[in-house]
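Here the structure comes first, spelled out in structure tokens, and everything after it is commentary.
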Amino acid sequence: MPDKNRNFAPSFNYLTYLMQKYLVILLSMAVLFVGGCSPAIKLTKTQQAKQAFDAGKLEISLQLFEEIIAAEEEAGTLAEANHYEEAGKTAEALGDMTKAESYYKLAIYYKTASADVYQKLAAYYRQQTNISKESGMLEPLISLFPGSNQAKAEKARLYQIYIETEQWEKAVALWPPNTDAAQDESLLNTYFTAQKKLGNDETLDELSADLLALNPENKAALEWKAKALYNKGENRYQKELQEYEKNKTNKQYKIMLAGLDVATAYFKQSLKIFEQLYGREADKSYALYIANIYARFGDEPNAKRYQKLSQ
């Protein structure tokens with residue numbers, strides 16, 4: 001007959017079962033906790049942020065990106081992929097360019113920025129008329145992403161900055177700024193100026209011919225050609241006189257006359273251009289060249305006339 005006062009204590013097997021079940025529950029909770037910070041969960045959050053952006057839920061998108069970045073920064077790791085750039089893009093879409101600039105600059109710092117980041121910041125600094133900061137974005141854009149559409153679109157702008165800031169060597173190194181530059185008189189003029197500042201005379205001879213082919217009335221090219229012809233004439237003139245002074249013979253005299261004819265031909269071509277230029281603009285420097293040429297011709301009246309006009 002059973003004892004009514006007997007204690008019904010759980011058996012050893014039943015206690016073991018309970019402990020095992022409790023351990024499984026604890027392990028499951030731990031896995032869920034760790035999984036919340038796992039790459040898989042983070043990827044899902046990134047996808048959610050991008051989906052929110054595409055759906056126009058910009059505030060939610062930015063919040064999610066900032067949560068991802070904050071978690072990574074707290075863990076002491078870099079923001080992966082382009083989270084800084086995505087956060088900047090979202091902030092820009094919200095109209096907060098100050099925050100966008102901050103995130104874009106972090107993307108550059110951590111070397112995760114795309115060509116878009118450099119172009120966007122360059123445009124932002126251009127609006128602020130900060131040429132220094134603008135060029136600071138355009139230079140790495142072109143050097144890091146030379147074949148990108150962004151670099152091709154901004155190359156002419158960087159070239160323009162170099163011309164405006166008189167960075168002649170950089171401007172020359174960047175030429176041509178676009179595929180049609182050689183047929184663009186305005187651009188070719190700036191390149192001509194840069195080469196002139198650097199003293200590249202041989203290149204200028206070619207460029208002046210190119211400019212005159214585009215426009216026979218191009219002032220800079222006409223000036224260069226007129227001066228070049230004048231210098232050729234003067235150099236030949238002086239050379240022949242010096243040679244004759246060294247050897248005053250009938251033979252040398254004939255050589256001198258032939259050489260002076262060559263010099264005269266140069267002077268005549270130069271005179272024609274300088275008179276054309278002076279007719280368009282009464283520049284005193286033009287008048288002085290004309291006066292000197294007439295002096296070489298022995299035309300004293302015209303030499304004196306233009307000498308006065310040059311003063």
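Of all residues in segment 206-253, which are outside any helix (DSSP H, G or I) and touching a residue at least 12 places away in the same chain (Cβ under 8 Å)? Working first, answer last.
Kept after step one, since they are outside any helix (DSSP H, G or I), are these residues of segment 206-253: 215-218, 247-249.
ASN215, ASN218 - these are the residues of segment 206-253 that are outside any helix (DSSP H, G or I) and touching a residue at least 12 places away in the same chain (Cβ under 8 Å).
Can you find, within segment 142-163, the residue that is surrounded by the fewest Cβ atoms within 10 Å (Cβ to Cβ) among those that are of a type in the set (D, E, K, R) and in contact with a helix residue (DSSP H, G or I) (Cβ under 7 Å, 6 or more places away or on another chain)? Reasoning before the result, please.
Taking segment 142-163 and keeping what is of a type in the set (D, E, K, R), we get 152, 154-155, 157.
From what is left, the residues that are in contact with a helix residue (DSSP H, G or I) (Cβ under 7 Å, 6 or more places away or on another chain) are 154-155, 157.
Details: GLU154: 25, LYS155: 20, ARG157: 16.
Looking at the filtered set, the residue picked out is ARG157.
Between residues in segment 270-293 that are within 11 Å of LEU222 (Cβ to Cβ) and residues that are at pLDDT 95 or above and outside any helix (DSSP H, G or I), which pairs lie under 9 Å by C-beta distance while being six or more apart or on different chains?
Partner pairs satisfying both residue conditions: GLN276/GLU217; LEU277/ASP283; ARG280/GLU217; TYR286/SER310.
Scan segment 109-130 for residues that are among the hydrophobic types (A, V, I, L, M, F, W, C), crowded, with 19+ Cβ neighbours inside 10 Å and assigned to a helix (DSSP H, G or I) and report the count. Talk me through it step by step, then tell me what you get.
Applying the first criterion (among the hydrophobic types (A, V, I, L, M, F, W, C)) to segment 109-130 yields 113, 115, 117, 121-123.
So of that shortlist, the ones also crowded, with 19+ Cβ neighbours inside 10 Å come out as 113, 115, 117, 121-122.
If we keep only those that are assigned to a helix (DSSP H, G or I) too, we end up with 115, 117, 121-122.
Total meeting the criteria: 4.
Against the definition (surrounded by 18 or more Cβ atoms within 10 Å (Cβ to Cβ), at negative phi and not hydroxyl-bearing (Ser, Thr, Tyr)), how does GLU240 come out, yes or no? Spell out how you get there, then give the answer.
On the way: surrounded by 18 or more Cβ atoms within 10 Å (Cβ to Cβ): yes; at negative phi: yes; not hydroxyl-bearing (Ser, Thr, Tyr): yes.
So GLU240 fits the description; yes.
Hey, can you tell me all the residues within segment 46-60 that are over 33 Å from the mean Cα position of the chain (by Cα) and either over 21 Å from ASP96 (Cβ atoms) or part of a helix (DSSP H, G or I) (or both)?
Initially, segment 46-60 is screened for residues over 33 Å from the mean Cα position of the chain (by Cα), giving 46-49, 51-52, 55-57, 59-60.
If the condition is that a residue be over 33 Å from the mean Cα position of the chain (by Cα) and either over 21 Å from ASP96 (Cβ atoms) or part of a helix (DSSP H, G or I) (or both), then THR46, GLN47, GLN48, ALA49, GLN51, ALA52, GLU59, ILE60 are the ones that fit.
What number of residues within segment 182-205 satisfy the criterion of being surrounded by fewer than 19 Cβ atoms within 10 Å (Cβ to Cβ), of a type in the set (Gly, Ala, Ser) and touching a residue at least 12 places away in the same chain (Cβ under 8 Å)?
Number satisfying all stated conditions: 1.
Could you list, ordered by first residue, the pairs with Cβ atoms under 6 Å in which the first is in segment 119-148 and aliphatic (A, V, I, L, M) and the second is modelled with pLDDT of 95 or more and not in a helix (DSSP H, G or I), at least 6 apart or interchain?
Within 6 Å, no pair qualifies.
The values are calculated or read from the model by the stated rules, or taken from the named source; none is laboratory data. What you see is a predicted model, and the numbers here were worked out from it, not measured in a lab. Heads up, the Cβs are rebuilt from the backbone with ideal geometry, glycines too, and the neighbour counts pull from every protein chain shown.
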